[in-house]
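Throughout, read-outs are computed from the coordinates displayed, never taken from laboratory work. Only a predicted model underlies this, so the values are computations on that prediction, with no experimental measurement involved. We place every Cβ from the backbone using ideal geometry, glycine too, and count neighbours over all the protein chains shown.
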Amino acid sequence: MKHFFGLILVIVLFGSCKQGESSTDTAANMADSTGITATTETAATPDGNIKDFSTEVGKMVKADDLMKKGNLSARLQKMMGEDYNDFVANWSEETPLKQDSELLYAIGCKQGDCVSNKYFLLLDMEGNNINVHHFMGTKVKTWEEGPIIGLTANASDDYQKLREAQGL
């Protein structure tokens, strides 16, 4: 009788365990102590080389058609999915592409309403990787093509100024 109950217990324990699903497309909602909600989405393998953009520093991403260079548009579309069209539509006021070490970055927003729609585009030349942060008032949504890109000193300063302008 003891063996029978032991066997039942083992079956119940193994039956209640589920293996997690693995995917290159993951979404996680996070809230920090400030109450800011961020959604992180990760996309698949990159095509093209971000290093090609090092010659474009000082140019405007949209106005100078940099989206068409080096498969950037296709990579962003693959990474952002259905949010890509809003990204392109709302990227109407922009800063020039800046470089700090191996990091290229630019800021774009919805014309006349930057607080409700502002984007921080990060291009990692060393890792051939793209990250996008979308600020919508006090909410932030991020997309990562690969690993999260660490900010350099100047990029961090600009990112902090952007956060403060958003009231974060």
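Find how many whole Å separate the alpha carbon centroid of segment 53-124 from the alpha carbon centroid of segment 132-168. Centre-to-centre distance over Cα atoms comes out at 13 Å.
Shown here for segment 113-146: GluC sites (Glu not before Pro) in loop regions (DSSP other than H, G, I, E, B) with at most 15 other Cβ atoms within 10 Å, namely 126.
Straight-line cross-link partners of residue 78 among the lysines, defined as a Cα under 23 Å from its Cα and at least 8 positions apart when in the same chain: 51, 62, 68, 69, 110, 118, 139, 141. The chymotrypsin sites (Phe, Trp or Tyr not before Pro) of segment 76-168 include none that DSSP puts in a loop with a beta carbon having at most 15 other beta carbons within 10 Å.
Taking the Cα atoms of segment 52-168, the ratio Rg/Rh between the radius of gyration and the Kirkwood radius comes to 0.92. With each label modelled as a point 7 angstrom along the Cα→C-beta vector, the residue 62-residue 111 pair spans 0.8 nm.
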